[in-house]
Amino acid sequence: MKAIYIITFYIIRLWMLSFLFVSCDSFVEVPLPNSQLTKETVFEDYATANAALTDIYAKIRDRGILTGNNTGLSNQLGNYSDEITAYGTPSNASFNFYNNVLLPTNTLIATYWNTSYNHIYAAYSIIEAIEKNENISEEHKKQLQGESLFIRALLHFYLANLYGDVPYITTTDYRTNSKVTRMPVSEVYKKIIADLEHAIGLLKIQYNPADRSIPNRYAAKALLARVYLYNQLYAEAANEASAVLNETALFVLTPKLSDVFLINSKETIWQLQSATAGQNTKEGSLFIFTAGPPQLVALNSNLINSFDPADGRKLNWIKMVTKGSSNWYHAYKYKEQTVTTASKEYSIVFRLAEQYLIRAEARAKQGDLIGAKEDLNAVRKRAGLPETIAVSKEETLTAILQERRWEFFTEHGHRFFDLKRSNQLDAVLSVLKPGWNSTDALFPIPQTELIANPFLGIQNPGY
């Protein structure tokens, strides 16, 4: 937990910060009123700036792309691909994703865009505010800047993978932001890499606090490994993944599947802390149901049937609910649906198994099939499965992609992004989903943003 003594101090100044951090109809900000205190005055010491950064993490957890509730990507990209089936009434927002009928006027599409840019804006305002602040030590400045750059890189990564060409925000100047243009994805990735390399040089190795709710150097390396993999920079991806995997004092692949998502798991690289002691994850509240039929969503039968019957992930991370002759399945990675005496689970964003599979894929792409299969088998062994029977390069890459499906279902859209970057979206989803079109690989740009800022250009194809 962040130090308690800052809370009162933070509350006094919260009204001064609200302009920067409150959600708005558009990420394009308006100028500060004459009565607004400058950011240098608001962030007059480390406690205040740190509290503002803590507030950004809370907002990422509660609303937007990475939230674990029904509006987040873990749910909606699961519906959009082949992981989740939507249930309930037509008012369930998941049906638009499940049926692949998104429109530029969809409120969730706008929410993803606006909340992400709002968090990016807030993070960069901290960088600007503390840059010349003599009341904050250089050590604290490095930590605050490193975390802020990590947040900016992380959210731009998701925006680029959802919308394609997007603006990369590097200022809080409202005049500049009101006229931003969309940058090619390749250029967005270059800026993400630069931000992460900078963050790695600023962040510490050790976690503070110990619950891994604040990103350290290896959280930035884990994201950088993913970014390199998505960019087909395989040697660099393998190197960054190795840097994380080799830090065995901090990270170990958790032997028991039932322990992977616990709050103290040594497999966790970065997780989002619950709002209060005793609260658990929003994912648990969303995905777990105890009676059928499901009210919102359940796991897709296609996913369920793809598992080997002996796979421990099917036994530990999936639960069946029966009513009469009907069966439904829900994700059971997080096992707490309600509050407990003390929090048992936080929402995990990065964990070690991904680094094994990133390195496996990167090694296979470079022709190191022995090393690739060693990494792949490490994940399979933990799941109680025998070693892969893949022999050729193509067989190994196919096996890795399939392993990622079983390992990362309902975790922030891994499946959708994997199909997309491997050029298999159409081949897989056009068979399973009657509403699927090739242009569904990208979300539409929110119509409200195109109207508010003509410099964003034309709508994505198909919308």
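Under a straight-distance cross-link criterion of Cα-Cα below 14 Å, which aspartates and glutamates are reachable from Lys323, leaving out those fewer than 8 residues away in the same chain?
Qualifying aspartates and glutamates at Cα under 14 Å: none.
Using modelled amide H (1.01 Å from N, peptide plane; none on Pro or chain starts), what sits under 5 Å from the amide H of Ile445, excluding residues fewer than 5 places away?
Asn460
Step through the table entries Lys221/Lys420; Lys344/Lys381; Lys59/Lys314; Lys221/Lys373, compare each Cα-Cα distance with 28 Å, and write down the pairs that go over it.
Working: Lys221/Lys420 23 Å; Lys344/Lys381 26 Å; Lys59/Lys314 32 Å; Lys221/Lys373 22 Å.
Beyond 28 Å: Lys59/Lys314.
Please list, ordered by chain and number, the residues whose modelled amide H lies under 5 Å from the amide H of Ala331; skip anything fewer than 5 residues away on the same chain.
Leu299
Sorted by packing (mean other beta-carbon atoms within 10 Å per residue), highest first, where do 263-271, 88-96 land?
263-271, 88-96
So what J values fall out for segment 128-138 if you push phi through Karplus, 6.51 cos²θ - 1.76 cosθ + 1.60 with θ = phi - 60°, rounded to Hz, Gly and Pro as x?
Karplus-based 3J(HN,Hα) across segment 128-138 equals 5, 6, 9, 3, 10, 7, 7, 8, 10, 5, 4 Hz.
Order of Lys365, Lys256 from fewest to most other C-beta atoms within 10 Å?
Values: Lys365 20, Lys256 11.
In increasing order of surrounding Cβ atoms, one gets Lys256, Lys365.
Determine the calculated [θ] at 222 nm for the chain from helices alone, applying -39500 (n - 2.57) to every DSSP H run no shorter than 4 residues and normalising by the residue count; nearest 500 deg cm²/dmol.
Computed ellipticity for the chain at 222 nm equals -15500 deg cm²/dmol.
Before anything else, pin down the relative contact order of the chain: Cα pairs under 8 Å, at least 6 apart, normalised by residue count, whole percent.
Normalised by residue count, the contact order of the chain is 19 percent.
If we count other beta carbons within 10 Å of each Cβ, what is the order of Ser148, Ser137, fewest first?
Ser137, Ser148
Using only Cα atoms and rounding to the nearest 10 degrees, what angle (0 to 90) does helix 352-365 make with the longest principal axis of the chain?
For helix 352-365, the angle is close to 70 degrees.
Give the angle, between 0 and 90 degrees and rounded to the nearest 10, that separates the Cα long axis of helix 234-245 from the longest principal axis of the Cα atoms of the chain.
Result, in degrees: 80.
Can you list the lysines whose alpha carbon sits under 17 Å from that of Lys141, skipping same-chain ones fewer than 8 residues off?
Correct list for Lys141: Lys2, Lys39, Lys132, Lys204.
Compute, for the chain, the length of the dipole vector about the Cα centre, with Cβ point charges of +1 (Lys, Arg) and -1 (Asp, Glu) only. Units Debye, rounded to 20.
It comes to approximately 680 debye.
Rounded to whole Hz and in sequence order, give me ³J(HN,Hα) for segment 247-258 from the Karplus expression 6.51 cos²θ - 1.76 cosθ + 1.60, θ = phi - 60°, writing x for Gly and Pro.
For segment 247-258, the Karplus curve yields 7, 6, 5, 9, 10, 9, 5, 5, x, 9, 4, 5 Hz.
Go through segment 120-125 residue by residue and turn each phi into a ³J(HN,Hα) via Karplus (6.51, -1.76, 1.60, θ = phi - 60°); whole Hz please, and just put x for glycine and proline.
4, 4, 5, 5, 6, 4
For segment 332-376 and segment 103-156, what is the separation of their Cα centres, given in Å?
The two parts, judged by their Cα centres, are 26 Å apart.
Just how large is the dipole of segment 260-404 about the Cα centre, in debye to the nearest 20, putting +1 at every Lys and Arg Cβ and -1 at every Asp and Glu Cβ?
300 debye
What residues qualify as long-range amide H neighbours of Val349, i.e. H under 5 Å apart, gap of 5 or more or another chain, H built at 1.01 Å from N?
For Val349, the qualifying residues are Trp270, Gln271, Leu272.
Rule-based calculations on the coordinates, nothing more; no lab input. Everything numeric here is computed off the predicted structure, so don't read it as measured data. All Cβ positions, glycine included, derive from the backbone under ideal geometry; neighbour counts span all protein chains shown.
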